[in-house]
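K.L.:
Could you have a look at this structure, given as structure tokens, before my questions?
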Amino acid sequence: MKINEFVVVEGRDDTVNVKRAVDCDTIETNGSAITKETLEVIKQAHEKRGVIVLTDPDFPGDKIRNTIKQYIPSVKHAFIPREKAKNKRGKIGVEHASLNTVKDALLNVSSPLEANIETIDKSVLIDLGLIIGKDSRRKREKLCSKLNIGHSNGKQLLNKLNAFGYTEKDVKEALGYKEE
């Protein structure tokens, strides 16, 4: 499988694994201390061929993703679920994901909306038990996995759902609710 866009990863081991899974060019951020120079390289790549951000499903990976998103709001995003990015010792990273998991992530790329439009309200997430409640974390994990938007806490979930234009109907369908 050939990917036209540049794939942004955190490090060399991520590049090795991604290039084993797909034919693509990568840009490495060299960890969460992403420099202005690296952001400029990513911006130029985005203007030439497009960019897909594929970072580790952890706090530093989210920090890198958010830094890039603030600098270049229209980049595309690919997510690997936490449970599919773990090695035998529990370490999380793109480099630990199977080749099929990497391919699936790059096939299910999400593009944020151009404008900050609210497509779903926080009260809906509360009513559905995604924010607040004894089982909210498990429900969020299920939803994030179904929608391929990466793991999220409650506030991050609301932001991601709005950024990608998901509605109450989309969320209910992903959670398996039947139409009324």
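The values are calculated or read from the model by the stated rules, or taken from the named source; none is laboratory data. Note that the structure is predicted; figures quoted are calculated from it, not measured. Note that each Cβ is placed from the backbone with ideal geometry, even for glycine, and that neighbours are counted across all protein chains shown. The area values use the complete protein model at the heavy-atom level, side chains included, leaving out ligands, DNA and RNA. Shrake-Rupley method; radii C 1.70, N 1.55, O 1.52, S 1.80 Å.
K.L.:
What is the residue count in the stretch 101-120 for residues that are modelled with pLDDT of 90 or more, surrounded by fewer than 19 Cβ atoms within 10 Å (Cβ to Cβ) and either in contact with a Cys (Cβ under 9 Å, 6 or more places away or on another chain) or among the hydroxyl-bearing types (Ser, Thr, Tyr) (or both)?
P.N.:
1
K.L.:
Between a residue in the stretch 153-166 that is under 11 Å from SER111 (Cα atoms) and any residue that is aromatic (Phe, Trp, Tyr) and exposed (fewer than 14 other Cβ atoms within 10 Å of the Cβ), which pairs come within a Cβ distance under 8 Å, given they are 6 or more apart or on different chains?
P.N.:
Correct list of pairs: empty, since none qualify.
K.L.:
Shifting gears a bit: Counting only residues that are β-branched (Val, Ile, Thr) and either outside any loop (DSSP other than H, G, I, E, B) or open to solvent by less than 40 Å² (accessible area, probe 1.4 Å) (or both), how many does the stretch 126-139 have? First the steps, then the outcome.
P.N.:
Of the residues in the stretch 126-139, the ones β-branched (Val, Ile, Thr) are 126, 131-132.
Next, only the ones that are either outside any loop (DSSP other than H, G, I, E, B) or open to solvent by less than 40 Å² (accessible area, probe 1.4 Å) (or both) stay: 126, 131.
Counting residues in the stretch 126-139 that are β-branched (Val, Ile, Thr) and either outside any loop (DSSP other than H, G, I, E, B) or open to solvent by less than 40 Å² (accessible area, probe 1.4 Å) (or both) gives 2.
K.L.:
Follow-up. Return only the number of the condition from (1) over 23 Å from GLU141 (Cα atoms); (2) open to solvent by less than 20 Å² (accessible area, probe 1.4 Å) that ILE80 does not satisfy.
P.N.:
With (1) over 23 Å from GLU141 (Cα atoms); (2) open to solvent by less than 20 Å² (accessible area, probe 1.4 Å) applied to ILE80, the lone miss is (1).
K.L.:
While we're here: Please specify each residue of the stretch 140-164 satisfying the condition of being of a type outside the set (Ser, Thr, Tyr) and either open to solvent by less than 20 Å² (accessible area, probe 1.4 Å) or in contact with a strand residue (DSSP E or B) (Cβ under 9 Å, 6 or more places away or on another chain) (or both).
P.N.:
Correct list: LEU143, CYS144, LEU147, ASN148, ILE149, GLY150, GLY154, LEU157, LYS160, LEU161, ALA163, PHE164.
K.L.:
Working carefully through the options SER98, SER123, find the one that is among the polar types (S, T, N, Q), closer than 19 Å to GLU173 by Cα and either surrounded by 14 or more Cβ atoms within 10 Å (Cβ to Cβ) or modelled with pLDDT of 85 or more (or both). Steps first, answer last, please.
P.N.:
Numbers: SER98 fails: closer than 19 Å to GLU173 by Cα.
Only one candidate qualifies: SER123.
K.L.:
Being closer than 29 Å to LYS91 by Cα and open to solvent by less than 20 Å² (accessible area, probe 1.4 Å) is the filter here, so list the residues in the stretch 34-61 that pass it.
P.N.:
LEU39, ILE42, VAL51, ILE52, VAL53, LEU54, THR55, ASP56, PRO57, GLY61
K.L.:
On the basis of being in a loop (DSSP other than H, G, I, E, B) and within 15 Å of the chain's Cα centre (by Cα), does SER152 make the cut?
P.N.:
Against the criterion (in a loop (DSSP other than H, G, I, E, B) and within 15 Å of the chain's Cα centre (by Cα)), SER152 qualifies.
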